[in-house]
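Q: Pasting a structure below so you can have a look.
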Amino acid sequence: MFSGHCPVCVTEGTPMDYSSLFAELPKGSLSDIIVDRITNALISGELKPGDRIPTETEFAEKLGVGRNAVREAIKVLVAFGVLEIRRSAGTFVVDHYKTSLLNPMIYGLILSEHSMSELLDVKIALSNSVMYLAMKEASPEDIAHLRELGETFRTAMNDPGTDNEACYQASLAFNEFLGSITHNPMLDQLDSVVRRIAAFTRHAAIEKSREIGEPDLLPANYLKEVDLIEEGGQSKIADFMDERMELWKRLLL
C-alpha cells in the first residue's frame, strides 16, 4: 500500500500526503470507489479548493487499476462541478462551486418516491432555519430590500394583468434573497436544492390562491415573515411555521 508523498499542492506550494487516496481499494465498482475516495479526501481536508489532484497515471499505478476507471471517476466529478480540467496543467479541485452545474442531490431526490406531506415537512424545517438565521444575521438594509421584494410579489399577485409565471418569479426572487441574507452559504445551498425540487408547489400555490380569489394569501404570509425577522421574534417562529404549514396544506393538499 502506497504511503508516500504525491504531487505538489498548488495552493500551498508544499508536498501533500495523499496516502488515504491510495489506500487499498475495497470490492465494488472501481470508478464509484475512486469518486468516493476523492470525496472523502475533500471532506477531511486532505484535498482543498484549488488543489491539483494526482494524474490519471498516478492514480492507476498507485491503486493498481486501469486508467479507464480513473478517467470515469474524474468525468463524474467534473460533471458534478467538483473538479475542473485545465489544459496542460492538470485536474484541479474547483475554487468555488457553481450552482448552475449538475447537483446530484437534486436528481437523487427527484428519483426517490416522496409524498407531498414529506416535501412540505422538509420545506418547513429549512424555512425555520432560514428565518432563524436571517433574524440573527440580516442587516437593516437586507430587511428593507426583502420587504421591497415582498411588496413586489404582492403587487404582481393582485394585478390581474400579471400572469402566474411573473408571480412565480417574484416569489422566487423573495425566497432566494431571504436565503442569501442568512449569510450561511451551506444553508442557502441546501435551501436552493429544496426550492428547485419544490418549484411545482410554488406554481400550484400561486395558481390556486388566484383561482379562489385570494391572491393576497401568500404575499401577506411573506410580509409577516419580514415583520418577524425585523422584530427578531425568535420565540414566534414555531407559531409562524404552523401558520405557514396550514396555508400550504390549504393550497396544495
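The values are calculated or read from the model by the stated rules, or taken from the named source; none is laboratory data. If you're wondering where the values come from, they're calculated on a predicted model, not measured in any experiment. Cβ atoms come from the backbone with ideal geometry, glycine included; neighbour counts cover every protein chain shown.
Q: Please go through (1) crowded, with 16+ Cβ neighbours inside 10 Å; (2) touching a residue at least 40 places away in the same chain (Cβ under 8 Å) for N158 and return the number of the only condition it doesn't satisfy.
A: Here N158 clears every test but (1).
Q: Scan L190, L228 and give me the residue that is surrounded by 17 or more Cβ atoms within 10 Å (Cβ to Cβ) and modelled with pLDDT of 95 or more. Reasoning before the result, please.
A: Values: L190 fails: modelled with pLDDT of 95 or more.
Going through L190, L228 in turn, just one is surrounded by 17 or more Cβ atoms within 10 Å (Cβ to Cβ) and modelled with pLDDT of 95 or more: L228.
Q: Now a separate question. What do you reckon, is S171 small (G, A, S), touching a residue at least 24 places away in the same chain (Cβ under 8 Å), surrounded by 17 or more Cβ atoms within 10 Å (Cβ to Cβ) and farther than 24 Å from P140 by Cβ?
A: no
Q: Answer yes or no as to whether E176 is surrounded by fewer than 15 Cβ atoms within 10 Å (Cβ to Cβ), within 18 Å of the chain's Cα centre (by Cα) and either closer than 17 Å to L223 by Cβ or not aromatic (F, W, Y) (or both). Break it down stepwise before answering.
A: Working: surrounded by fewer than 15 Cβ atoms within 10 Å (Cβ to Cβ): yes; within 18 Å of the chain's Cα centre (by Cα): yes; either closer than 17 Å to L223 by Cβ or not aromatic (F, W, Y) (or both): yes.
Criteria met by E176.
Q: The conditions are (1) part of a helix (DSSP H, G or I); (2) over 22 Å from S129 (Cα atoms), and G213 fails exactly one of them. Which is it?
A: Only one criterion in (1) part of a helix (DSSP H, G or I); (2) over 22 Å from S129 (Cα atoms) is unmet by G213, namely (1).
Q: Look at region 67-83 and say how many of its residues are surrounded by fewer than 19 Cβ atoms within 10 Å (Cβ to Cβ) and part of a loop (DSSP other than H, G, I, E, B).
A: 2
Q: Another one. Right, E176: modelled with pLDDT of 90 or more and charged (D, E, K, R) or not? If you could, list the steps in order and put the result at the bottom.
A: On the way: modelled with pLDDT of 90 or more: yes; charged (D, E, K, R): yes.
Judged against the criteria, E176 is a match.
Q: Check D216, D159, D188 and return the single one that is of a type in the set (D, E), out of contact with any Pro (no Cβ under 6 Å at 6 or more places or on another chain) and within 20 Å of I237 (Cβ to Cβ).
A: Details: D216 fails: within 20 Å of I237 (Cβ to Cβ); D159 fails: within 20 Å of I237 (Cβ to Cβ).
Result: D188 is the single residue among D216, D159, D188 that is of a type in the set (D, E), out of contact with any Pro (no Cβ under 6 Å at 6 or more places or on another chain) and within 20 Å of I237 (Cβ to Cβ).
Q: Then there is this: Being more than 24 Å from I197 (Cβ to Cβ), assigned to a helix (DSSP H, G or I), touching a strand residue (DSSP E or B) at 6+ places or on another chain (Cβ under 9 Å) and modelled with pLDDT of 90 or more, is that true of even one residue in region 85-108?
A: No.
Q: Quick one: how many residues across region 41-66 are part of a helix (DSSP H, G or I) and either exposed (fewer than 14 other Cβ atoms within 10 Å of the Cβ) or β-branched (V, I, T) (or both)?
A: Narrowing region 41-66 to residues part of a helix (DSSP H, G or I): 41-44, 56-63.
Then keep just the ones that are either exposed (fewer than 14 other Cβ atoms within 10 Å of the Cβ) or β-branched (V, I, T) (or both); that gives 43-44, 57.
Of the residues in region 41-66, 3 are part of a helix (DSSP H, G or I) and either exposed (fewer than 14 other Cβ atoms within 10 Å of the Cβ) or β-branched (V, I, T) (or both).
Q: Sticking with this one: Under 23 Å from H96 (Cβ atoms), in contact (Cβ under 8 Å) with a residue 12 or more places away in the chain, assigned to a helix (DSSP H, G or I) and hydrophobic (A, V, I, L, M, F, W, C), is that true of L218?
A: Working: under 23 Å from H96 (Cβ atoms): no; in contact (Cβ under 8 Å) with a residue 12 or more places away in the chain: yes; assigned to a helix (DSSP H, G or I): yes; hydrophobic (A, V, I, L, M, F, W, C): yes.
In short, no.
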